[in-house]
Amino acid sequence: MMTYISILRGINLGGHKTIKMEALKKMLSQLGFAAIHTYIQSGNIVYQYKKTDTKKLDFLIKEQIEIVFGFDVPVITITINEFKKIRNSNPFLKDKLKEESFLHVSFLADKPASENLNKIIAVNYLPDEFKIIDKAVYLFCPNGYGKTKLSNTFFENKLKVNATTRNWKTTNELISMADTQV
């Protein structure tokens, strides 16, 4: 069994696409997932499953949510080792002037095409900053993520890939949860 983290986009926001975490855990259990844990109500799932391609897990969870709950939810699944690599690669951690409470990661479903990357590398939205490494967009938003133009929608439109964002605290908490399963 391998440990995976799946993050769902856009559930339990403002009464839309509501999924109770107990119902989600039950659904995943029926699919053969084990040691299932959720973190807060926004669709963060840590679990174990047989070794498989993460894209297959994305599809399996997405399809089952549509069957059970009746709506479409983007899903991004990452192995625990990939998740740790993303966390450890955050370039903003090297700058001691950047408070961790203003750090976020937008997880991308796929690595963006170079032509799409080149279009936004020169974009300047100071005081907000971003850096893209592989399938992660690292964000520093000193006025808060709720006030930035560097949202999921911005990156999805510019990079042409699905994205979902988690704050730094959640990113680290998911790794802590996964580490207890290994």
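Listing for the model above:
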{"item": "Degrees, to the nearest 10: 168-179 long Cα axis against longest axis of the chain", "result": "40 degrees"}
{"item": "Environment charge at LEU57 (Cβ cut-off 12 Å; Lys +1, Arg +1, Asp -1, Glu -1)", "result": "+2"}
{"item": "Where the Cα pairs of the stretch 2-82 fall when distances are cut into 5 Å bins, in %", "result": "3, 16, 30, 29, 15, 5, 1, 0"}
{"item": "HIS37 versus ASN81: modelled label distance in nm, points set 7 Å from Cα along the beta carbon direction", "result": "2.1 nm"}
{"item": "THR170, THR153 arranged by Cβ crowding within 10 Å, fewest neighbours leading", "result": "THR153, THR170"}
{"item": "CD proxy at 222 nm, helix term only [per DSSP H run n ≥ 4: -39500 (n - 2.57); per residue of the chain; nearest 500]", "result": "-10500 deg cm²/dmol"}
{"item": "Rounded D (µm²/s) - the stretch 85-179, Kirkwood Rh over Cα pairs, Stokes-Einstein at 25 °C, 0.890 mPa s", "result": "181 µm²/s"}
{"item": "Alpha-carbon centroids, the stretch 7-43 and the stretch 138-177: separation in whole Å", "result": "19 Å"}
{"item": "From phi via Karplus (6.51, -1.76, 1.60), per-residue ³J(HN,Hα) for the stretch 55-69 in Hz, x at Gly/Pro", "result": "5, 5, 5, 3, 5, 4, 5, 4, 5, 5, 4, 5, 5, 7, 9"}
{"item": "For the stretch 51-105: rounded, prolate or oblate by the Cα gyration tensor [a/c cutoff 1.5]", "result": "oblate"}
{"item": "The stretch 61-82-the stretch 87-107 distance, computed between alpha-carbon centres (Å)", "result": "26 Å"}
{"item": "Cut-off under 5 Å, modelled amide H: who pairs with THR164 long-range", "result": "PHE107"}
{"item": "Stokes-Einstein D in µm²/s, Kirkwood radius over Cα pairs - the chain at 10 °C with 1.306 mPa s viscosity", "result": "94 µm²/s"}
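Here, each number is a calculation from the coordinates, and none is a lab measurement. Model, not experiment: these values are computed from the prediction. Neighbour counts run over all protein chains shown; Cβ positions are idealised from the backbone, glycine included.
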